[in-house]
Protein chains: 2
Amino acid sequence: MPTPQTGERPRVIVVGGGFGGQEVVRRLKDAPVDVTLVDRRNYHLFQPLLYQVATAELAPSNIAFPLRRALRKQKNAQVALVEVTGVDLADKTVGTQRAAVGYDYLVLATGATQSYFGHDEFKQFAPGMKTLDDAIEIRRRLLIAFEEAEWEADDASRRAKLTFVVVGGGPTGVELAGAIMETASRSLPKDFRFVDTKTARVILVQSADRLLRTWPEAMGERVLRDLEKIGVEVWLNSRVTSVDASGVVIGERRMPAENVFWAAGVQGQPVAAELGVELDRAGRVVVGPDMSIAGHPEVFVIGDAAHAVDAKTGEPVPGVAQGAIQAGRFVAQIIRSDLKGVDPKERPAFGYKDKGSMATIGRGKAVVSVGRFNYGGFIGWLSWSVLHLSFLVGFQTKLFVSLSWFRNFFFADRRVRLITGDPTTRVKEPRGAMLVNKEPSDER
Amino acid sequence: MPTPQTGERPRVIVVGGGFGGQEVVRRLKDAPVDVTLVDRRNYHLFQPLLYQVATAELAPSNIAFPLRRALRKQKNAQVALVEVTGVDLADKTVGTQRAAVGYDYLVLATGATQSYFGHDEFKQFAPGMKTLDDAIEIRRRLLIAFEEAEWEADDASRRAKLTFVVVGGGPTGVELAGAIMETASRSLPKDFRFVDTKTARVILVQSADRLLRTWPEAMGERVLRDLEKIGVEVWLNSRVTSVDASGVVIGERRMPAENVFWAAGVQGQPVAAELGVELDRAGRVVVGPDMSIAGHPEVFVIGDAAHAVDAKTGEPVPGVAQGAIQAGRFVAQIIRSDLKGVDPKERPAFGYKDKGSMATIGRGKAVVSVGRFNYGGFIGWLSWSVLHLSFLVGFQTKLFVSLSWFRNFFFADRRVRLITGDPTTRVKEPRGAMLVNKEPSDER
């Protein structure tokens, strides 16, 4: 292993190249430290647009940017593509699949994984919405569902193939459900000869009594109306208690549905959760007002991996990009102050600035909540588009994404309708009757 | 299964949506037939640019176009995403994973698979270059190789990780080897801190005594010079006799090389090969001058799946896009004539028109051979670019691809550097020492 600890400079290890981790690294650009960004993926994922990859509107490369490329010019930063296996707080080392690495400062920005609330067996039937591979898998199943329906003579079976259940009424679930409905009702109808893709049912299952639970109440109601207007069925106060290859059980009721996508819960990643410090119910690390963990002022946890509290309101910092970015900036500043000799006891407390929330629901519809302003409709959609475009990296990406949105708006066109991986079976386990005479295809 | 055989109209089944298959379907647009295009993939793959996906320059969706979208407006055509399992010539039915389908005319345009010349055990160590999944897998291994080299302290191990062996000196091998060298020497150097990516070795292994064996001799020599100029080692008269996770044996000599990519041989797909008719050495179906098989004037085989002969020269029709397209056009015309009552015995014989060949070797370098004109250099590269762009489908794709080429030409930038699937191990079987403490990651 190379030893970039070139003597004098303190070493900062940042685990996770998401919004928070990348912000820490960038903000340490001219600081007298050596920074190592460790991630098991070689790209930063722009998660807010993941649902558009899942629904074949954007290509994976439109929302994923190589970490090395992003940090090319930052001389004091290096990237390591490794999986972190554990942290030794006493020894100040991070264990990886390759070697242990020492740190002076450690920032865990490891994010969250999908939580199946103790039912990990649901996962094979209901892929989540956290990673690029998740989105590619959902895209594969979504596209195969229509292909299978086209060949299905039995009415009940066809209905089950064209029933899409999205679990979870937060922003991800709302946007995914809306985009699936758009795909079925606007993009695909002319491409099929026998099946009417407009007959697809999209059911959004939400355990709470309203959508977007953490947003202003009016927004949840507006989103509900917008979704119902385009044909999505929203089931409030409903809980999925079982999932298998042919359907879900919602409460007591069994619903034949061959496509179930999970956008319900999140939980902290194991690495942060295994530090041996206090966790909240979702497995997130409880951090102090300076984002460090108890007894270790040199170890910080930020973003979705952390349970942090806003100093002013006492409210938990929400698990959104802005929460991670602001925490990243804050922690970088603390490290800089430390290095200048400021007493760690005099660190400031983190204050979260709510910059607002946004979600799209299909063509030209979005809800936006900024401060006391709540609005939606086309103006909401325009704000959403401009803001999200501005965050994407690179002229070419911005251009491509805007063209894709333009095409989708006017022509309902989704260009990235590629079924990669195994094209012949939707769920990985072949389900008896459907497949005859079929060798297991290639190993991917 | 839907029964689109709406009574009177003869049914044409075309198996395979590549260059040849798609051409047949299109040319039957206004003919009084019902056409079903059957493919196990839902997209047409623009194979000539596959190596640019493998080397992270283009996104998969840039070179893959949904078949349904392409045929949306052709009323007499439908698409079926199924795997064909066999053909019953006597019964005139095609067996699929779902159901058997009857035909009046059958066109097999099933293409070719990679041939490992009887050594299928090489495949896991040396992915081929025929499918989109192949290219994504090569991209994954290529990118991981540099990531691993960055962490490798041992000189010999690092050299093995940075040695890329491309097997096969045809157009695919030549283009892939050139693009890998460009990636290592121009795109990546600034992104790595510890390893000098320019030290990568790219070795192109060719069994014949020159590259591009089927092209004019001067072209093979020019390509050889161009490749050597950018640093690719070309080993002529060399045969790979063994491949494993850590190297290859070339002739008698063992070469430590952790990245081996196979662009050597092709063989006909099983479906066509199992018709029970005469095959050539590469498993391609020997067809008559009208592209039909012996005794079955209603069954045609075209493109890479067929061994056809040019009526004028007596030479085999080459396995290139133009061969498939021209055969597709020819067969569609024969079917039309048949339907007009022309006696099958009076069918014309297929004549192949050579429109020339082209290959690129890195930045601003290409060889072009059109009729008696052989040229290369920048003008060659420009012709190559314009021609390939013109064949891509859709304004947005053309725009995106030209921008990508522009960026790569001037800034050596490769945007699509995404390691999808398992990011932590290059070869699927974890290789002991390298991985510690590692759970098998997600199932994709």
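The values are calculated or read from the model by the stated rules, or taken from the named source; none is laboratory data. Please read all numbers here as calculations on a predicted model, not as lab measurements. A quick note on method: Cβ atoms are made from the backbone with ideal geometry, for glycine too, and the neighbour counts reach across all protein chains shown.
Scanning region A:390-420 for residues that are away from chain B (no Cβ under 11 Å) and touching a Gly at 6+ places or on another chain (Cβ under 8 Å) turns up just one, A:Phe409.
Criterion applied to B:Val401, B:Val427 was being within 21 Å of A:Ala64 (Cβ to Cβ) and either assigned to a helix (DSSP H, G or I) or modelled with pLDDT under 90 (or both), and the one residue passing it is B:Val401.
Summed over region B:353-384, residues that are farther than 25 Å from B:Ala327 by Cα and touching a strand residue (DSSP E or B) at 6+ places or on another chain (Cβ under 9 Å) total 13. Consider only pairs whose beta carbons are under 9 Å apart and that are at least six residues apart or on different chains; among these, list those whose first residue lies in region B:59-84 and is closer than 19 Å to B:Ala99 by Cα and whose second residue is among the aromatic types (Phe, Trp, Tyr) and surrounded by fewer than 24 Cβ atoms within 10 Å (Cβ to Cβ). Sorted first by the residue in region B:59-84, then by its partner, the pairs are B:Gln78/A:Phe192; B:Gln78/A:Phe194; B:Val79/A:Phe192; B:Ala80/A:Trp151; B:Leu81/A:Trp151; B:Val82/A:Trp151.
B:Pro189 fulfils the conditions (1) within 14 Å of another protein chain (Cβ to nearest Cβ); (2) crowded, with 24+ Cβ neighbours inside 10 Å except for a single criterion, (2). Selection of first residues in region A:342-366 that are polar (S, T, N, Q) and of second residues that are in a strand (DSSP E or B), restricted to Cβ pairs under 9 Å at least 6 apart or on distinct chains, gives the following pairs, ordered by first then second residue: A:Ser357/A:Val367; A:Ser357/A:Val368; A:Ser357/A:Ser369; A:Ser357/A:Val370; A:Thr360/A:Ala366; A:Thr360/A:Val367. Looking for something free of Cβ contacts under 8 Å to residues at least 40 places away in the same chain, of a type outside the set (Asp, Glu) and either more than 16 Å from B:Gly265 (Cα to Cα) or buried (at least 22 other Cβ atoms within 10 Å of the Cβ) (or both) - is there at least one such residue anywhere in region B:170-186? Yes - at least one qualifying residue is present in region B:170-186.
Does B:Ala112 meet the test of being touching a strand residue (DSSP E or B) at 6+ places or on another chain (Cβ under 9 Å), of a type in the set (A, V, I, L, M), within 30 Å of A:Pro189 (Cβ to Cβ) and surrounded by fewer than 23 Cβ atoms within 10 Å (Cβ to Cβ)? Answer is no for this residue.
For region B:122-137, the tally of residues that are within 23 Å of B:Arg239 (Cα to Cα) and touching a Pro at 6+ places or on another chain (Cβ under 7 Å) stands at 1. Note on region A:194-287: enclosed strands (runs of 3 or more DSSP E) holding 1 or more residues that are basic (Lys, Arg) are A:201-205, A:253-256.
When you scan region B:32-40, do you find a residue that is outside any helix (DSSP H, G or I), touching a Lys or Arg at 6+ places or on another chain (Cβ under 6 Å) and at pLDDT below 95, even just one? No, region B:32-40 has no match at all.
If you check A:Leu106 against the conditions, is it modelled with pLDDT of 95 or more and more than 22 Å from A:Ala324 (Cα to Cα)? No. Scan region B:365-375 for residues that are crowded, with 19+ Cβ neighbours inside 10 Å and charged (D, E, K, R) and the total you get is 1. List the pairs whose first member sits in region B:250-275 and is at positive phi, whose second member is assigned to a loop (DSSP other than H, G, I, E, B), and whose Cβ atoms are under 7 Å apart, counting only residues at least 6 apart or on separate chains? Here the result reads B:Gly251/B:Ser238; B:Gly251/B:Arg239, each pair linking region B:250-275 to a residue that is assigned to a loop (DSSP other than H, G, I, E, B). Candidates in region A:276-303 are the residues that are among the aliphatic types (A, V, I, L, M) and buried (at least 21 other Cβ atoms within 10 Å of the Cβ); of these, the one that is nearest to the chain's Cα centre (by Cα) is A:Ile302.
For region B:192-217, a residue qualifies if it is crowded, with 22+ Cβ neighbours inside 10 Å and under 24 Å from B:Arg415 (Cα atoms), and the qualifying residues are B:Ala200, B:Val202.
Residues that are under 24 Å from A:Arg27 (Cα atoms) and either small (Gly, Ala, Ser) or surrounded by 15 or more Cβ atoms within 10 Å (Cβ to Cβ) (or both): does region A:356-364 have at least one? Yes, region A:356-364 contains a residue that is under 24 Å from A:Arg27 (Cα atoms) and either small (Gly, Ala, Ser) or surrounded by 15 or more Cβ atoms within 10 Å (Cβ to Cβ) (or both).
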